[in-house]
Every structure is written in C-alpha cells, then in structure tokens.
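Reviewing the structure listed below.
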Amino acid sequence: MSSEDGAARAGTDRPEPENHVADRIRTEREVRAWSTAKLAEEMTKAGHPINQSAIWRIESGKPRRRVNLDEALGFCKVFDLPLEELTSPPGRLMNAQVRRLVGEYVEKWKEWRVLGKAQDRIMAELDDYAKAHPDQADLVKVLLMHELEVASGGDFRHHRGSRPKLQSWLGPDRMYPADETEQPPDQ
C-alpha cells in the first residue's frame, strides 16, 4: 500500500463505522467517568493492552487513529458491548432496553404535547365562557377544580405536573388553599 493510500484511509475518507467506533469509545469512557489512563488500564486487564495516548488519538486525533480488530474486541469486552453496537451510529447508543425506554419516553412526551395543546384549547374556551358570563366564572373554576380532585382521587393539588396555564387560570387560592401546608411548586 502506498503512503497516499494510507493517508486516505486515515483521513476524512474513512469508513463511517470507524468514526462511530471512535465516538462510541469516548462516550462509553465518559459515561463511566474514566480517564484515558483508566481505560488503558482496563483494556490491559482484559488482555488487549493499549496505551493512554493511543486512546486519545483514537478519540481526538487529527486524523483519528484507526482501531485494529484486537483493540475493537477489547473495547467490546471492557464496555460489555457486541461489536455491532460498537460500530453503530451514535444514535444507537446503550443497550436495547435503554433504547426502548428512551423511545417510549419520547413517544409519551409527544403525546403529552398534543394533549397539552388540547388542554390549552379547552382552557381558552372555558376562559371565553367565563368572560362572557362573569357571574358564572367562579362557578366554572370551582366545578373544574372539583372534577379534577375527584378524577385524581383527591391528589390533584399535590400534582406538580399541572399545566401553568391551568394554575394561573384557577388561581393560587384554588390550587393551593391557605388551609393546606404545601406551597405552590417553584416555576
């Protein structure tokens, strides 16, 4: 192989999985709060010796140092990862359970956003009604608070996830009556 071929392989034309490996090594090391020296020590214990400066060059070198197969297998052993995961794009980090839980959380967050918009729309309609019928405004707020308390089994006022617009609309005296010891959550 000519020196030009070697330079191209070490430069920006490297296969993507090699960049993923370097990024993943840094991420896994940082998650464990390990220094490059500590990772080198762990690699040696696992039977795949590599020095601290080589790890730094893999993670941060310009160009990055390549990882040979023996080293890749060592990183897999030290980080308890399959080779496929070591070479995967950064978005595929963590084990399958963590990825599933993160995905599930994001889906629920998106649903929460949609529900929040629906609640805001309903709140605006209730507010419009209360403005059009000022004599019934307090009754509407009391009814809403009562229904929320019933639906939550009496725990609604202690729930810190209520929307700020609802808290503002109902007023602090309804959300946090003077006879209760708990104060409003910090905003």
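The values are calculated or read from the model by the stated rules, or taken from the named source; none is laboratory data. None of these values were measured; they are calculated from a predicted model. Here Cβ is always computed from backbone atoms with ideal geometry, including for glycine, and neighbour counts include all displayed protein chains. To get the accessible areas, we keep the full protein, side chains included, count just its heavy atoms, and leave off ligands, DNA and RNA. Shrake-Rupley method; radii C 1.70, N 1.55, O 1.52, S 1.80 Å.
Here are some notes:
- Residue within the stretch 59-70 that is at pLDDT below 90, open to solvent by 60 Å² or more (accessible area, probe 1.4 Å), within 24 Å of the chain's Cα centre (by Cα) and not hydrophobic (A, V, I, L, M, F, W, C) present: no
- Condition check for N51: exposed (fewer than 12 other Cβ atoms within 10 Å of the Cβ), within 25 Å of E16 (Cα to Cα) and modelled with pLDDT of 90 or more: no
- The stretch 110-130, residues that are open to solvent by 80 Å² or more (accessible area, probe 1.4 Å) and in contact (Cβ under 8 Å) with a residue 24 or more places away in the chain: Q119
- Per-region count, the stretch 27-55, residues farther than 18 Å from L86 by Cβ, assigned to a helix (DSSP H, G or I) and of a type outside the set (D, E): 6
- Just one residue in the set L126, L144, L139, L101 is modelled with pLDDT under 90, in a helix (DSSP H, G or I) and farther than 26 Å from I25 by Cα; that residue is L144.
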